[in-house]
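Below: one structure, written as structure tokens.
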Amino acid sequence: MASHRNSSETKASSEIKALKAILWVYIILCLIIAGLNFGYVSRATPEVAAFIAWLWGFYENWVKTSFIVIGSFLTLRIIGASGRTEMRKRNLTGFIVMALVVHIVGPILLDNQELYFFAMPLPWTTIPLQLMDPNTAFYLKYLPVFGLTGIALALAFYLLITIVVLVGTLLWGRRWQCATLCLFNGFASEVFDPVMPLLGTRKKLKARGLKVFAILRWLFLAVAIGFTVYWVLYLLGLPLANSETVAKIETYKYLAAELLMAMFFWVAFSGRGYCYYCPLGTVVGLLGKLVGQQITTNQSNCIQCGRCNVACPMAIDLKSRAATGLPVSELRCVGCGHCVDSCPTKTLAYSTRFLERFKNKK
């Protein structure tokens, strides 16, 4: 018995090391290739610039998808022996399917290796709006790459993604985007959850930290809406500030406050750090409120073990509400279901009004 236990622990340790190694490689490659793509490519020779563009596309599509698939397998192996994994299996399945669509199948079918630019709806990025005007720097840069047909197909893909996210959120709440489809931060927080943060121990936000992130949430939403309004007015032909300058500011905001910060959180804080102030997350969170997204806490008798609070990556106090059987409805809940899987008495369940109606019909 002891020998079997030691063997299992050794295997789990090896899988954790492998998962950590993959995440470190992913972060390091991203920093290097993104630095080349955003910082050096404009000064490179056409041949070098073309190679960097190919390398960035290969990394974003094939390498990232491979890491998602392998990482999901390792994560399920790591957490499988520690409890139920029903919700998390659904999360990882969703991310694998989304990665295959956005990074593999879509680019092959549409002959567009940079389709991932169009996989996040407004107000997270205004790139689709920039691509709608032939005078923007983004349009001029990618017209030779996409062609007119490619641009039309990319915008059609973006519209399809927007509809999928909107309809899915109205049915399943914030969980649909943040715990199933998001290929920016959502996938990393689920696929690599057992090894985050890479350095030190996982941090739980206290009241002061939650207030700071609450301010950042509305600030980043306001900034994102501001960029969106600018480009809408620009497309309507209203005279505004130089569009190239605005586009650069938005790119710097993405690189510094979103991409680098998300990776910093993975290394030193928590996988869901960026989710506290993601502007798209805030929007789908508000929609989740509208459709009755909540964690019900009265499926059985709560024993107040506190595992739900430990499992929640968004520092939500489920234990206190479960003590009285009251539902938990928090704007910052990403619907990952970690709390549901962690509950030994199956007291908790993720719900929206649509899911309740569906459940009652069954």
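Just one of the listed residues (VAL334, VAL340) is among the hydrophobic types (A, V, I, L, M, F, W, C), touching a Leu at 6+ places or on another chain (Cβ under 6 Å) and modelled with pLDDT of 95 or more, and it is VAL340. Restricting attention to region 196-229 and to residues that are outside any helix (DSSP H, G or I) and open to solvent by less than 60 Å² (accessible area, probe 1.4 Å), the residue that is modelled with the lowest pLDDT turns out to be LEU205. When residues in region 334-362 are screened for being within 30 Å of LEU221 (Cα to Cα) and open to solvent by less than 20 Å² (accessible area, probe 1.4 Å), 9 of them pass.
When region 32-62 is limited to residues that are in contact with a helix residue (DSSP H, G or I) (Cβ under 7 Å, 6 or more places away or on another chain) and among the β-branched types (Val, Ile, Thr), the one that is farthest from VAL105 (Cα to Cα) turns out to be VAL41.
Taking region 44-130 as the region of interest, the helices (runs of 4 or more DSSP H) fully inside it that hold 3 or more residues being closer than 30 Å to TRP231 by Cβ are 46-58, 86-99, 106-110, 127-130.
Can you say whether LEU109 is buried (at least 18 other Cβ atoms within 10 Å of the Cβ) and either at pLDDT 90 or above or closer than 17 Å to LEU198 by Cα (or both), as far as the supplied structure shows? Quick ask: steps written out before the conclusion?
Working: buried (at least 18 other Cβ atoms within 10 Å of the Cβ): no; either at pLDDT 90 or above or closer than 17 Å to LEU198 by Cα (or both): yes.
No: the conditions fail for LEU109.
Here ALA34, ALA21 are screened, and the one residue that is in contact (Cβ under 8 Å) with a residue 40 or more places away in the chain and either under 19 Å from the mean Cα position of the chain (by Cα) or exposed (fewer than 14 other Cβ atoms within 10 Å of the Cβ) (or both) is ALA34.
Which residue, of PHE73, PHE67, PHE51, is open to solvent by 30 Å² or more (accessible area, probe 1.4 Å), aromatic (Phe, Trp, Tyr) and farther than 25 Å from VAL334 by Cα? Walk me through it before giving the result.
Numbers: PHE73 fails: farther than 25 Å from VAL334 by Cα; PHE67 fails: farther than 25 Å from VAL334 by Cα.
PHE51 is the lone residue from the list that is open to solvent by 30 Å² or more (accessible area, probe 1.4 Å), aromatic (Phe, Trp, Tyr) and farther than 25 Å from VAL334 by Cα.
The helices (runs of 4 or more DSSP H) found entirely in region 247-352 that carry 3 or more residues being in contact with a Lys or Arg (Cβ under 9 Å, 6 or more places away or on another chain) are 279-290, 307-311, 338-342.
The values are calculated or read from the model by the stated rules, or taken from the named source; none is laboratory data. Being a predicted model, the structure only gives us computed values, none of them experimental. Every residue, glycine as well, gets a Cβ built from its backbone with ideal geometry; the counts of neighbours run over all protein chains shown. Ligands, DNA and RNA are stripped out before the accessible areas are found, and what is left, the full protein with its side chains, is counted by its heavy atoms. Shrake-Rupley method; radii C 1.70, N 1.55, O 1.52, S 1.80 Å.
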